[in-house]
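Single-structure report; data block below.
The values are calculated or read from the model by the stated rules, or taken from the named source; none is laboratory data. From a predicted model like this one, the values you see are computed outputs, not experimental measurements. Because the Cβ atoms are built from the backbone with ideal geometry, glycine has one as well, and the counts that use them run over all protein chains shown.
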Amino acid sequence: MTTTPSLPARRRPFSWRAFVSLLVAITFIVLAVTGIGLYATPPGRIANWSNWTLAGLTKANWQAVHMVFGFLFVVAGAFHVFFNWRVLLHYLRSRVQAGIPRWRELALATATGLALVIASIAELPPVSAVADLREQLANSWSTSSAEPPIPHAELLTVEKAAALVSIPVQTALNRLSAAGYRVEPSATLESLASQRGVTPRDVYTALAASAAPTPKTLAAAGGPGMGWKTLRQIAEETGMPVEAAVARLRAGGLDASPDEPLRDIAKRHGRHAPEIAALLARDQEGAVTR
């Protein structure tokens, strides 16, 4: 019995339509994963100060991947519509001809989208709960050891860092040299950290050594996430007496307790946290002047 040799299978031609469809699916998955990761990341001032990582990636890495794939999703989505416009038109025509245009569903979907946009801008519940949870998660990383002396202190030069802790520049250079850093006054804490594979916080600790901590200005103590800090926390970080902070707000017509977050104080009086901070800053500046 003779057998007929099988013919080699023909290679199927490359399908750009299938490629784009798969790319849309992949970009959606990556955006979902990076979006969840970024939702729980600490603020940049903390992430950069301590070289925070998740799955081996820094916050900047997660942001870069999310941004690139967000752009890719838009491009791939446009090509997906281009390759499938006939199918989409056929679907719409068939629905219209069948007498089921789904106008009610379209109206409800549009109204839902608009309502979410308005609620997000106006910070209305329950949509505001998503943003509130994000802020709570981000600021849960904030501790006295994790916070930099000022926001984005990793960008400070040795010269400016020395001024921040009130020591001579040469003293700072000597301390860093003794710790094994190749250093010059214009070098940033971030660049020095990369030399040794350590965090900017480690460089700052070596530079400051036993220098007494300097009270922060209100702007430095505040920064992103200030609304979640209590009046007592802000006062402690800036060296302002708690009683003076409470008195200043009351003088401005705002009732507040020391353990109340600035965000809650602002909401109760129909204001925003930066306005509360402005009242405290004027008080602090006045105290410094006196």
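Results, tabulated for the structure shown:
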item: Residue tally, condition without any contact (Cβ under 8 Å) to a residue 24 or more places away in the chain and on the phi < 0 side of the Ramachandran plot, over the stretch 149-197; result: 15
item: Check on T143, closer than 18 Å to W52 by Cβ and surrounded by fewer than 17 Cβ atoms within 10 Å (Cβ to Cβ); result: yes
item: Which listed residue, of A64, A18, A55, is modelled with pLDDT of 95 or more, surrounded by fewer than 17 Cβ atoms within 10 Å (Cβ to Cβ) and not acidic (D, E); result: A64
item: Flag for P148 being assigned by TED's automatic domain parsing to the domain that holds V24 and part of a loop (DSSP other than H, G, I, E, B); result: no
item: Enumeration of residues in the stretch 97-149 that are farther than 23 Å from G227 by Cα and among the polar types (S, T, N, Q); result: Q97, T110, T112
item: Candidate set from the stretch 118-142 (those that are out of contact with any helix residue (DSSP H, G or I) (no Cβ under 9 Å at 6 or more places or on another chain) and more than 18 Å from L38 (Cα to Cα)); member that is modelled with the highest pLDDT; result: I118
item: Helices (runs of 4 or more DSSP H) completely within the stretch 175-290 that count 2 or more residues being at pLDDT below 85; result: 218-222, 231-238, 242-251, 262-268, 273-289
item: Any hit, the stretch 152-162, residues being within 19 Å of L38 (Cα to Cα) and within 22 Å of the chain's Cα centre (by Cα); result: yes
